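The values are calculated or read from the model by the stated rules, or taken from the named source; none is laboratory data. Everything numeric in this text was worked out from a predicted model, so none of it was measured. FYI the Cβ positions are ideal-geometry reconstructions off the backbone, even for glycines, and counts take in every protein chain you see. The protein model used for the area step is the full one, side chains on, heavy atoms only, and it has no ligands, DNA or RNA in it. Shrake-Rupley method; radii C 1.70, N 1.55, O 1.52, S 1.80 Å.
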Amino acid sequence: MDRSNPPRNRATPEDFAAWLRDQLDRRGYDLRPRGGGQTRFAADSGIGQASISRMLRGQGVPETRVLEALAETLDLPLAEVLVAAGILTRDVLHAIRQRTPRPNPLTPEAAAEELGITDPQKVELFVSMTETLRKQRAENGEEHVAEN
């Protein structure tokens, strides 16, 4: 089995560093030594300068809250930043975007079928439990959290 160059579809920390450097350069942050770009971006984004330095050196993937701050400051969709950081692959992002919502709410019977519950008694129990939970929510005045 050849393991010399396995296919790679997820960005590495080094890829993310190059992507981030490019994004900052495009927006006028001077990243040269003594250019002040890292300090200015830290102030603009609310991200610590040490964190920015680590990201630009390709030292690990930042926390989600840092990625959210990057997306907001760079005025980019969070999904794009998650792909650049290697959290999501482009294939997964594409699949998420292509997924169409159900046209009608999922019935308890259909949910049981999708979950692989086929025994008639277990289906009946599942449906009964679902109806009981729905009634409790209605009695408590709770909104429907998920319709499908």
Matching residues, region 52-104, being in a helix (DSSP H, G or I), farther than 21 Å from Tyr29 by Cβ and among the hydroxyl-bearing types (Ser, Thr, Tyr): Thr64
Leu20: modelled with pLDDT of 95 or more and surrounded by 11 or more Cβ atoms within 10 Å (Cβ to Cβ), yes or no? yes
Which residue is modelled with the lowest pLDDT, if the candidates are limited to region 109-129 and must be part of a helix (DSSP H, G or I) and charged (D, E, K, R)? Glu114
Of the conditions (1) under 30 Å from Phe41 (Cβ atoms); (2) surrounded by fewer than 16 Cβ atoms within 10 Å (Cβ to Cβ); (3) more than 17 Å from the chain's Cα centre (by Cα), Ala110 clears all except one; give me its number. (1)
Filter region 56-78 down to the residues that are aliphatic (A, V, I, L, M), crowded, with 16+ Cβ neighbours inside 10 Å and without any contact (Cβ under 8 Å) to a residue 40 or more places away in the chain and list them by number. Leu56, Val66, Leu67, Ala69, Ala71
Which numbered condition in (1) without any contact (Cβ under 8 Å) to a residue 40 or more places away in the chain; (2) open to solvent by less than 60 Å² (accessible area, probe 1.4 Å); (3) within 17 Å of Asp22 (Cα to Cα) is the only one that Ile47 fails? (3)
